[in-house]
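Each remark here refers to the structure printed beneath this line.
Taken together, the values in this text are just the output of simple stated rules run on the coordinates, not laboratory data. Computed from a predicted model, the values in this text were never measured in an experiment. All Cβ positions, glycine included, derive from the backbone under ideal geometry; neighbour counts span all protein chains shown.
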Amino acid sequence: EVQVALPISKPLRRGGFIADSDGERTWVNFKYERLPIFCHFCGHPRHDLNHCVSHFAAKKNGGC
């Protein structure tokens, strides 16, 4: 478990690569806790899926 401070002006990342002692990179999924509002479509912590402009545009254009 790792705790970090993140700027809320940027989308949250779904994961990232970490390197072991040999330099081999492995993908790790990130898990966020205690987020009162979070959009699972674009990753922004300032709105939810129902208020996401990107999600609405994708649905309108036949995506999702």
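Worth pointing out:
- With the largest listed first and rounded to whole Å, the semi-axes of the equivalent ellipsoid of the chain from the Cα gyration tensor are 28, 16, 8.
- Formal net charge of residues neighbouring Leu35 (Cβ-Cβ distance under 15 Å; K, R +1; D, E -1): +4
- The lysines within cross-link reach of Lys31, meaning a Cα-to-Cα straight distance under 28 Å and a gap of 8 or more places when in the same chain, are Lys10, Lys59.
- Fluctuation leader among Phe30, Phe38, Phe17 - the chain, Gaussian network, Cα springs under 10 angstrom: Phe17
- Charge dipole of the chain about the Cα centre (unit charges at C-beta), most positive-ward option of Ile18, Leu49, Phe30: Leu49
- Karplus-based coupling profile of the range 11-17, in residue order and whole Hz: x, 7, 8, 7, x, x, 8, with θ = phi - 60° in 6.51 cos²θ - 1.76 cosθ + 1.60 and x standing for Gly or Pro.
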